[in-house]
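Novice: Structure in structure tokens, see below.
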Amino acid sequence: MAMLARQVQLVEYPVGEVTPDHFVTVEVEVPDPQPGQVLVRNTFTSVDPGMRLRLRRSGPAGYFNSFPLNAAMDDIWAVGEVIESRAEGFSAGDSVWHAKGWRDYAIVTAGEPALAGIATLARLDTSVAPAEKYLGPLGAMGVTAYAGIIDAAELRDGDVVWVSAAAGAVGSLAAQIAKLRGHRVIGSAGSAEKVRYLLDELGLDAAFSYREGPVLDRLREAAPDGIDVYFDNVGGDHLEAALATLRPWGRAALCGAISEYESVGPAAGPSNLFQATANNLTLRGFRGSAYQHRLPDVVRELGGWLAEGRLVYRETVIDGLERAPEALMRVLSGDTTGKALVRVG
Ligand SMILES: NC(=O)c1ccc[n+]([C@@H]2O[C@H](COP(=O)([O-])OP(=O)(O)OC[C@H]3O[C@@H](n4cnc5c(N)ncnc54)[C@H](OP(=O)(O)O)[C@@H]3O)[C@@H](O)[C@H]2O)c1
């Protein structure tokens, strides 16, 4: 008899805020793995703000595909254990990552590119760190933070750096990479508790909550002489504040624009884009998936710092596959710190 597995499916495209009612958890039959495939029992699955852009009938051009209704949600990062393998190079018991998340069991085809190639089925070295860390600092989050701050922002000696959503998965890594390389780093987040985390645990030089007054005022207090690099996770008023504060030849790495993901009307753009011209600024959008060649650097450098206890990495773990939609809501509303993960259980 075919095996039954659970998966979360989208039943309606949300307008505005996501709620669990937009999803359903269903049981489906899992076929036997065919030659070249493995059967994986997922242990953790990722929850990412960018998923909100895919909960639209038609998402941003060039981005990952929209999720279909009433079907498996593919291209979501997950880690798990191979239960049965008919693929060369994989054996039962292997820890792997792949992109068939938001379900408990998955059939995965070896070598089939997933998430622009960055989540193609691969074995994980759990002697370096537990598998779930590959959904964070040792995987896409690490590559995004590393490539964003080093390659897109071209971090240079003496740069003063501002990272927004700095208590989050990517932001906390980007801020610490800059800090561990000797820079003055300012972080911003959405609560006093997160500000304490940035100062006391991540050891940033200054931090503020964007909920306590206009972002620009708070940024100017933290960086009276301006900034050289802005790592943008938020867009909107944050990007506008950065444009007003970046010194000549400054650089902004445009990683994400979470303030716009749930907005129903047209997104608020910065009203002061001419500052880029006035001050010879570089604004560079980037995607972690375009910098996969950085993965070995990330595993070596961030993995080393992690093992030495120099890199702080918090996770917010939500238990139970059926709670994945709730976890996504929490990420979007700021009710998580560090990387949000669902323990499939
Ligand atoms: N370019 C890429 O390849 C790539 C890859 C991964 C992620 N990203 C982007 O990077 C950003 C961070 O992703 P993540 O996975 O690390 O998530 P995360 O930062 O762990 O979670 C998102 C955080 O954004 C903050 N936030 C939500 N609404 C906000 C608003 N209106 N204004 C300011 N802050 C707001 C919340 O923190 P507060 O409590 O501080 O508000 C929330 O915790 C997102 O924009 C995401 O799309 C890009």
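Novice: Taking segment 173-209 as the region of interest, how many residues are more than 20 Å from the chain's Cα centre (by Cα) and assigned to a loop (DSSP other than H, G, I, E, B)?
Specialist: Total meeting the criteria: 6.
Novice: What are the pairs with Cβ atoms under 7 angstrom where one residue, in segment 248-264, is closer than 28 Å to Glu17 by Cβ and the other, located anywhere, is β-branched (Val, Ile, Thr) and surrounded by fewer than 21 Cβ atoms within 10 Å (Cβ to Cβ)? Sequence gap at least six, or different chains.
Specialist: Going by the 7 Å Cβ cut-off, the qualifying pairs are Val264/Val15.
Novice: Just to be sure before I move on: is Ala192 surrounded by 24 or more Cβ atoms within 10 Å (Cβ to Cβ), among the aliphatic types (A, V, I, L, M), at pLDDT 95 or above and outside the structural domain of Thr336 (by TED's automatic domain parsing) in the structure I sent? Break it down stepwise before answering.
Specialist: On the way: surrounded by 24 or more Cβ atoms within 10 Å (Cβ to Cβ): no; among the aliphatic types (A, V, I, L, M): yes; at pLDDT 95 or above: yes; outside the structural domain of Thr336 (by TED's automatic domain parsing): yes.
Taking the combined requirement at face value, the residue does not satisfy it.
Novice: Quick one: would you say Gly187 is more than 14 Å from the ligand (Cβ to nearest atom), touching a residue at least 24 places away in the same chain (Cβ under 8 Å) and over 22 Å from Met329 (Cα atoms)?
Specialist: No; evaluated as a whole, the condition is false for this residue.
Novice: Kindly indicate which of Asp159, Asp200, Asp104 is without any contact (Cβ under 8 Å) to a residue 40 or more places away in the chain and at negative phi.
Specialist: Going through Asp159, Asp200, Asp104 in turn, just one is without any contact (Cβ under 8 Å) to a residue 40 or more places away in the chain and at negative phi: Asp200.
Novice: Select, from Asn280, Asn272, the only residue that is touching a Gly at 6+ places or on another chain (Cβ under 9 Å) and either small (Gly, Ala, Ser) or in the same structural domain as Lys194 (by TED's automatic domain parsing) (or both). It would help to see each step written out before you state the result.
Specialist: Numbers: Asn272 fails: touching a Gly at 6+ places or on another chain (Cβ under 9 Å).
None of the others qualify; the one that does is Asn280.
Novice: Would you confirm, using the coordinates I've provided, whether Ala92 is surrounded by 15 or more Cβ atoms within 10 Å (Cβ to Cβ) and within 25 Å of Arg343 (Cβ to Cβ)? Break it down into steps so the answer makes sense when it comes.
Specialist: Numbers: surrounded by 15 or more Cβ atoms within 10 Å (Cβ to Cβ): no; within 25 Å of Arg343 (Cβ to Cβ): yes.
Taking the combined requirement at face value, the residue does not satisfy it.
Novice: A further question on this structure: Which members of segment 190-206 meet the condition of being within 13 Å of the ligand (Cβ to nearest atom) and out of contact with any Ser or Thr (no Cβ under 7 Å at 6 or more places or on another chain)?
Specialist: Listed by number, the residues that qualify are Glu193, Arg196, Leu198.
Novice: Determine, yes or no, whether Asp232 is under 19 Å from the mean Cα position of the chain (by Cα), assigned by TED's automatic domain parsing to the domain that holds Leu281 and of a type in the set (Asp, Glu). Let's see the steps before the verdict.
Specialist: Values: under 19 Å from the mean Cα position of the chain (by Cα): yes; assigned by TED's automatic domain parsing to the domain that holds Leu281: yes; of a type in the set (Asp, Glu): yes.
Here the answer is yes, as Asp232 does meet what is asked.
Novice: Okay, next question. Does Ala145 qualify as being modelled with pLDDT of 95 or more, within 13 Å of the ligand (Cβ to nearest atom), assigned to a strand (DSSP E or B) and of a type outside the set (Phe, Trp, Tyr)? Full working, then the answer.
Specialist: On the way: modelled with pLDDT of 95 or more: yes; within 13 Å of the ligand (Cβ to nearest atom): yes; assigned to a strand (DSSP E or B): no; of a type outside the set (Phe, Trp, Tyr): yes.
In short, no.
The values are calculated or read from the model by the stated rules, or taken from the named source; none is laboratory data. None of the values given here were measured: they were computed from a predicted structure. Positions of Cβ are generated from backbone atoms using ideal geometry, with glycine treated the same way; all protein chains shown enter the neighbour counts.
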